[in-house]
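Engineer: Got a structure for you, questions after.
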Amino acid sequence: MTPAPRRGEILYRVGQLLQERKEQLSQLLTREMGKVIAEARGDVQEAIDMAFYMGGEGRRMLGYTAPVEMPNKFGMAVREPVGVCAIITPWNFPLAVPSWKIFPALVAGNTLVYKPSPETPILGIEFVKVFEDAGLPAGVINVITAPGIEVGQALVRHPKVKAISFTGSTKTGTTIAAEAGKLNKKVSLEMGGKNAITVLDDANFDLAVNAILWSAFGTTGQRCTACSRLIVQKGIAPKLKEALVERTLKLKLGDGLLPTTDVGPLINKVAQSKVHDYVGIGQKEGARLLVGGKIYSDYGKGFFYEPTLFDNVTPSMRIAQEEIFGPVLSIIEVGSLEEAVQVNNESAYGLSSSIFTENVSAAFTAMRDLASGIVYVNHGTTGAEIQFPFGGVRGTGNGHREAGQAALEVFTEWKSIYIDYSGRLQRAQIDTDSILGSTS
Ligand code: UN1
């Protein structure tokens, strides 16, 4: 098997090629899935960062030794590859998310079958070409583009596939987990969020406004980390709502390739209808539409939707509980930090939470009490960096994390090795000298 440092070097070359092709891949990314060009570049950049980070694991991949109980005995734990991995990814981050899975899988010594989203097959293939050009031996990475669930199901069920890493909908993720559970396979799931930003009365106002708009309407709200609930303390609420409405109305929808565009289209017609249905649901539930709420057709083509703000939202409304995956922000007013934390945590998901406050006690309380895999202070809910674990609690995941050191967990098995060089039988946990009834 190719030694891990050599595997890491291939990932460095992948990183370099991605850098060289960054603009070309970014343009393709915008054309294939619609996010604005600055964000497409960010998507590619995240894959570049991950390539170099995981390339470094080729010379790290830390196991450990620990003291053992007996003299002249040595113990260590090392990581080994699991075998063939199935990588199933969504369209919203067609390079970043696959890179979180593919790079650790490869540096750990696995081979893999990669199934990109049927919405972004071209990027899937272009990504795999980068590995080929970087000198990855044939057969180590394999790509299948296909619609529907059949291919995914075949991958999950195949006896040679030992681990599955999936990002996508809760419905598909839990189906995969059930199948994989029956077959005793490792499975890592990332299934979205209903992320909230809390703004306390003492927050840095302009910073909070900018962060809310970016987190809620960046990527047209189509991030697992997007902010779809704004929990605002009553004192600052009127001013904040006014500023958000004013700024939302100024957002420019259109072609993501134009640098002047703020918000691109949704991925497809189904997504557009889903967002519009939720707007209807919100209105029926008694929320007040402050701005947006309509399909945007001025551009002529593309599945655009007006960035939308609701207020008078209560925590139990469907628009405050269900993942909409579009540019819809629900504003919930609260009296205190305690209430904000409670509203934040009463969600089926638990990916990313954020708080804006200048008060250090409130910030530390929030860091401790906000129950999600990621917490931000004075920063929106999006923009996780690849050197830290990414994932969430409750319905967001199944206990695994991507990126950071944690990424290696699903793609490796631990092997504990004991070497006894005493030349005599030493028995762990046994406190008598007799061996199987006789005396030694
Ligand atoms: C996703 O939406 O699935 O933290 C990934 C962020 C990005 C990744 C989002 N770095 O918003």
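Taken together, the values in this text are just the output of simple stated rules run on the coordinates, not laboratory data. Please read these numbers as outputs of a predicted model, since none were measured by experiment. Cβ atoms come from the backbone with ideal geometry, glycine included; neighbour counts cover every protein chain shown.
Engineer: Can you pull the Rg over Rh of the chain, Cα-only, Kirkwood?
Structural biologist: 1.05
Engineer: Then there's this: What is the projected area of the convex hull of the Cα atoms of region 131-173, averaged over all directions, in nm²?
Structural biologist: On the way: hull surface 16.3 nm².
Projected over every direction and averaged, the Cα hull of region 131-173 covers 4.1 nm².
Engineer: Okay, helix-only estimate at 222 nm for the chain: each DSSP H run of n ≥ 4 adds -39500 (n - 2.57), divide by all residues, round to 500 deg cm²/dmol; what do you get?
Structural biologist: -12000 deg cm²/dmol
Engineer: Using mean Cβ contacts within 10 Å as the protection proxy, how do 187-195, 171-179 order, highest first? Please list the in-between numbers first.
Structural biologist: Numbers: 187-195: 26.3, 171-179: 17.1.
So the order, starting with the most tightly packed, is 187-195, 171-179.
Engineer: Here's a follow-up. Can you pull the one-decimal nm distance between simple spin-label points at residue 314 and residue 175, each 7 Å off the Cα toward Cβ?
Structural biologist: Distance between the two pseudo-spin positions: 3.5 nm.
Engineer: Across region 418-424, in residue order, what do the Karplus-derived ³J(HN,Hα) couplings come to in whole Hz, using 6.51 cos²θ - 1.76 cosθ + 1.60 with θ = phi - 60° and x for Gly and Pro?
Structural biologist: Coupling constants for region 418-424: 10, 10, 9, 10, 7, x, 9 Hz.
Engineer: Related question: Full-extension gain between residue 157 and residue 74, please, as 0.36 nm times their residue separation minus the C-alpha to C-alpha distance.
Structural biologist: Values: separation 83, 0.36 × 83 = 29.88 nm, distance 3.93 nm.
Extra length from residue 157 to residue 74 when fully extended: 25.9 nm.
Engineer: Taking neighbour counts of Cβ atoms within 10 Å as a proxy for exposure, in what order, fewest first, do 414, 91 appear?
Structural biologist: In increasing order of surrounding Cβ atoms, one gets 414, 91.
Engineer: Still on this structure, I have one more. 5 Å is the cut-off here: which amide hydrogens, built 1.01 Å from N in the peptide plane, fall below it relative to residue 188, excluding neighbours closer than 5 in sequence?
Structural biologist: 164, 165, 166
Engineer: State the extension gain, in nm to one decimal, for the chain segment bounded by residue 342 and residue 321, taking 0.36 nm per residue of separation less the distance between their alpha-carbons. Present the calculation step by step, with values, prior to reporting the outcome.
Structural biologist: Working: separation 21, 0.36 × 21 = 7.56 nm, distance 1.34 nm.
Length gained, residue 342 through residue 321: 6.2 nm.
Engineer: Enter the angle in degrees (range 0 to 90, nearest 10) between the Cα long axis of helix 237-249 and the first principal axis of the Cα atoms of the chain, meaning the one along which they spread out most.
Structural biologist: 90
Engineer: Calculate, axis by axis, the spread of Cα positions in region 1-120 along the three principal axes, and write the results as whole Å, longest axis first.
Structural biologist: That gives 64, 26, 24 Å along the principal axes, largest extent first.
Engineer: Amide H neighbours of residue 303 under 5 Å, at least 5 residues apart or on other chains, H built in the peptide plane: list them.
Structural biologist: The list, which skips near neighbours in sequence, is 266.
Engineer: In what sequence, highest mean first, do 357-368, 38-49, 207-218 appear when ranked by Cβ atoms within 10 angstrom?
Structural biologist: Result, highest mean Cβ count within 10 Å first: 207-218, 38-49, 357-368.
Engineer: Each residue of region 384-389 in turn: what ³J(HN,Hα) in whole Hz from Karplus with 6.51, -1.76, 1.60 and θ = phi - 60°, glycine and Pro shown as x?
Structural biologist: 4, 9, 6, 7, 10, x
Engineer: For region 98-111, in order, what is each residue's ³J(HN,Hα) by Karplus, 6.51 cos²θ - 1.76 cosθ + 1.60 with θ = phi - 60°, in whole Hz (x at glycine and Pro)?
Structural biologist: Computed from phi, the couplings for region 98-111 are x, 5, 5, 9, 5, 5, x, 4, 6, 5, 6, x, 8, 9 Hz.
Engineer: If you don't mind, another one. So if R0 is 56 Å, what FRET efficiency would residue 426 and residue 252 give, r being the distance between their Cβ atoms, rounded to the nearest 0.05?
Structural biologist: 0.15
Engineer: In addition: Can you list residues from other chains, or at least 5 along the same chain, whose modelled amide H is less than 5 Å from the amide H of residue 199?
Structural biologist: 231, 232, 233, 356
Engineer: What distance in nm separates the simple spin-label points at residue 285 and residue 270, each placed 7 Å from Cα in the Cβ direction?
Structural biologist: If labels sit at residue 285 and residue 270, their model points lie 2.3 nm apart.
Engineer: Taking the 0 to 90 degree range and rounding to the nearest ten, how far is the long axis of helix 360-369 tilted relative to the main principal axis of the chain, both from C-alpha atoms?
Structural biologist: That helix lies at roughly 60 degrees to the long axis.
Engineer: Could you line up 170, 219, 382 from fewest to most neighbouring Cβ atoms inside 10 Å? Before the final figure, lay out the partial values.
Structural biologist: Details: 170 15, 219 26, 382 23.
Lowest to highest Cβ neighbour count: 170, 382, 219.
Engineer: What is the local net charge at residue 262, summed over the other residues whose Cβ is closer than 11 Å to its Cβ (Lys, Arg +1; Asp, Glu -1)?
Structural biologist: Overall, the nearby charge balance is +2.
Engineer: Express as a percent, rounded to the nearest 5, the fraction of DSSP beta bridges in the chain (both residues included) that run antiparallel.
Structural biologist: Of the beta bridges lying entirely in the chain, close to 35 percent run antiparallel.
Engineer: Between residue 378 and residue 415, with labels modelled 7 Å along Cα→Cβ, what's the label distance in nm to one decimal, could you check?
Structural biologist: 4.9
Engineer: Give the lysines reachable from residue 234 as a straight Cα distance under 30 Å; neighbours fewer than 8 places away on the same chain don't count.
Structural biologist: Within the straight-line cut-off, residue 234 pairs with 194, 250, 252, 284, 294.
Engineer: Now for a different question. Any idea how far the Cα center of region 1-68 sits from the one of region 306-345, in Å?
Structural biologist: Here the two parts' Cα centres lie 35 Å apart.
Engineer: Still on this structure, I have one more. Based on the Kirkwood radius over alpha-carbon pairs, what value in µm²/s does the Stokes-Einstein equation return for the translational diffusion coefficient of region 388-440 at 10 °C and 1.306 mPa s?
Structural biologist: Working: Rh = 15.5 Å.
Translational diffusion coefficient: 102 µm²/s.
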